[in-house]
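Visitor: Below is a structure I'd like to ask you about.
A short reminder: the numbers here are calculations on the coordinates, not readings from a lab. Note that the structure is predicted; figures quoted are calculated from it, not measured. Backbone-built Cβ (ideal geometry, glycine too); neighbour counts: all protein chains shown.
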Amino acid sequence: MEKECGFRFAERKDTPLILEFIKELADYEKMLQEVVADQATLEEWIFDKQKAEVIFALEGEKEVGFALFFHNFSTFLGRAGIYLEDLFVKPEYRGKGYGKALLKKLASLAVERKCGRLEWWCLDWNEPSIGFYLSLGAEPMSDWTVYRIAGDTLANLAQ
């Protein structure tokens with residue numbers, strides 16, 4: 001049975017909680033060693049520079065899940081979209097509708113903000129999430145390959 005889900009946008013004081021959720025997600029994805037973000041960096045980029053937003057899913061007043069997202073832009077559509085960077089529901093609250101509620105909330109924000117799309121990446125091995133996304137009507141973009149330049153390679157390219 002799905003529980004009633006509330007939401008709230010993160011505030012500056014939530015920075016430690018945001019980092020906690022990021023680390024829990026990274027641990028689930030077997031990538032915890034890759035997390036270099038700290039509270040000061042998150043506070044600067046999310047709240048000072050306003051480059052991302054965070055919504056918490058609530059059971060009562062307890063934060064049980066989160067979504068971190070930002071706006072991207074589609075030149076083909078000529079409008080912004082929402083890119084979902086992280087979606088995570090604490091394991092003990094899974095199966096209660098919180099993940100779906102967070103995606104529905106992001107979809108409603110995208111419509112409210114007149115965005116053209118809502119998109120995200122999913123690890124190829126994450127079958128539970130893939131099945132969940134497909135059940136919502138999400139389409140895998142199999143014709144596209146993600147490329148990344150980071151770290152020393154990024155610094156070298158910038159010279």
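Visitor: Calculate for the chain the 222 nm mean residue ellipticity that helices alone would give, adding -39,500 (n - 2.57) per DSSP H run of length 4 or more and normalising by residue count, nearest 500 deg cm²/dmol. Walk me through the intermediate numbers first.
Guide: Values: 5 runs with 50 residues, N = 159.
Only helices count here, giving -9000 deg cm²/dmol.
Visitor: Follow-up question, since we're still on this one. Multiply the residue gap between GLU24 and PHE9 by 0.36 nm, knock off their C-alpha separation, and tell me the result in nm, one decimal place. Before the final figure, lay out each step's value.
Guide: Values: separation 15, 0.36 × 15 = 5.40 nm, distance 1.92 nm.
Taking 0.36 nm per residue and subtracting the Cα distance, the gain is 3.5 nm.
Visitor: Let me ask something additional. Using percent of Cα pairs over 21 Å apart as the read-out, say which of (1) 48; (2) 59; (3) 52 was calculated from these coordinates.
Guide: For percent of Cα pairs over 21 Å apart, the calculated option is (3).
Visitor: Which helices count as membrane-span-like in the chain under these terms: full DSSP H, at least 18 Å along the axis by C-alpha, Kyte-Doolittle mean of -1.0 or more? Don't skip to the end; give the middle numbers.
Guide: Working: long enough: 15-28 (20 Å, 0.50); 98-112 (21 Å, 0.47).
Long hydrophobic helices here: 15-28, 98-112.
Visitor: Right, next: Tell me which lysines have Cα within less than 16 Å of LYS62's Cα, excluding those fewer than 8 residues away on the same chain?
Guide: LYS3, LYS13, LYS90, LYS96
Visitor: Dipole of the chain, Cα-centred, from +1 at each Lys and Arg C-beta and -1 at each Asp and Glu C-beta, to the nearest 20 debye?
Guide: On the way: 20 positive and 27 negative charges, 121 e Å.
Rounded to the nearest 20 debye, it is 580 debye.
Visitor: Given H placed 1.01 Å from N in the peptide plane, which residues other than close sequence neighbours of PHE7 have an amide H under 5 Å from its amide H?
Guide: LEU58
Visitor: Counting only residues 5 or more places away or on other chains, whose amide H sits under 5 Å from the amide H of ASN72 once H atoms are built in the peptide plane?
Guide: Amide H neighbours of ASN72, under 5 Å, 5+ apart: GLY81, ILE82, TYR83.
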